[in-house]
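Computed from the coordinates by the stated procedures, all read-outs in this text should not be read as laboratory data. Computed from a prediction, not measured in an experiment: that's the story for all the values here. Reconstructed Cβ throughout: ideal geometry from the backbone, glycine too, with neighbour counts over all protein chains shown.
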Amino acid sequence: MRRSLNIALVSASDFGGDRSQVSHVRELARALGRPEDEGGAGHRVSVYGRRCSPDARGRTRLASGATLFNLTAGPERPLPDDRLLDHVRDLADELRRRWSGAGRPEVVHAHGWIGGLAACAVAGELGIPFVQTFHGMAATEARAGRTVHPARARLERAIGRGAAAVLARCADEAADAVRTGVARDIVRVVPPGVDVDLFSEVGPAMPHGDRQRLTVVARNLSDGSAETALRALQHVPDAELAVAGGPDREELENDASVHRLTVLAKELHVSDRVIFLGRVPRRSLPRLLRTTRLALSLAPAQPAPTSALEAMACGVPAVVTPVGTNADAVLDKITGLHVQAGRPRQIGLAVRGLLAEETMRRGYAIAAADRARSRHGWNRIADETERVYLTVIPEPETLPEPDQDPEEAPEPIRIPAPAPEPEREPEPASGASSESGAESGTAPGTASESGSRSKSGSRSKSKSGSESRSGSSADRVVAESGSDLVGSPR
């Protein structure tokens, strides 16, 4: 019978949105909390997020066994990383208050580096096993050309060294964690999941014309994926390109990235075959993907982590640059194609060739949907995550069975104490020697007391060392961050 755990998931992201990290934490909580009659272990999962809106409820039931708690830490609105870092201490204080009593979890799993900073320190102070998922490292963000907080790499190293296990979403992220300074033997790869009930081959679809549709789903439109797809579209004359991402559709005209891409499409003479959809809500994405012949994810570094997976789950082969999660999720010439970043002509010819071979494209589509369901379904991802938890949680103490007869219980083995040595008669000595002997006669008692104190001191030091080790992760995070960001018990 599987053991039911009390699990805490922590993220500083806005749970009112649908960012990839938020979706990951929410779906993981639901899968971990599924009851035994649905194949789960009935874990009790508490998700701790930061209140980012005055309208956000303090407590929300996500599913059976999973509850979201919005904690007050700073202003009740979304904040950038540099501002959010100023309120890590408030978040840590809230977690410490909830975990110090009956709400103490058996394992803490933090998501993102800012949530990890608060959770690592508090878990270390309280002696709770701590697991971290970064959802992208500072080095990866820098390679993608994004602005990175100057303290982030140092803090990620401190968090990773304070964790019992670090879960990476792909092999590239695992390698980045090791290069940052995290011990290789605690890094495990657990890929992102996909909601195979929402993203499926069968269901409603958006209206579309006669052209074969290619689709780019990007976290932001400046990551290079949409631009490369536009340039590749020149070499696929019978196709159209749908671009999902960026601001809401009503704000597209005022967005600098959309304006730049619109000008580029006109220069390439493909503007009549390009549709900018703006940000598409996650629940509406399957309707778009079901109209798609091929999904494109062409960012040179850190692509949207689940865009290819969600397309695959809808039976759409993916043409991707083999970086980040794309490299592990898409099997080259089985569930899609791997292409080299920044080579739009070669990409366009590869896309054109695959569209011309419908039998091959359909074979890729079947394999893609099967891989998404079998390898990336949330139940499997939750089971793999649970196995990591069990490696860092101490085994519970075994209690005697209540029905056992005390008379039948095995008698404890008693080791006899060694027999005392016989006392020797004192040798006769002169007066001076006798006086010296009298003085030395008090020495054994003094030495015995000193030895007793020494042993007691050793035990005291041993206990102190144990306590020091249990709080070492918290001390390390504070020390390596260079400031008292997370505070201490008040």
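Please state the relative contact order of segment 144-250 as a whole percent: Cα pairs under 8 Å, 6+ residues apart?
After rounding, I find 20 percent.
Using alpha carbons only, how many angstrom separate the centre of segment 278-318 from the centre of segment 8-32?
Taking the Cα centre of each part, segment 278-318 and segment 8-32 sit 20 Å apart.
Charges at C-beta only: +1 for Lys and Arg, -1 for Asp and Glu. How large is the resulting dipole of segment 212-375 about its Cα centre, in Debye rounded to 20?
Approximately 440 debye in magnitude.
Considering Cα pairs under 8 angstrom that are at least six residues apart, work out the relative contact order of segment 212-375 and quote it in whole percent.
Reported relative contact order: 24 percent.
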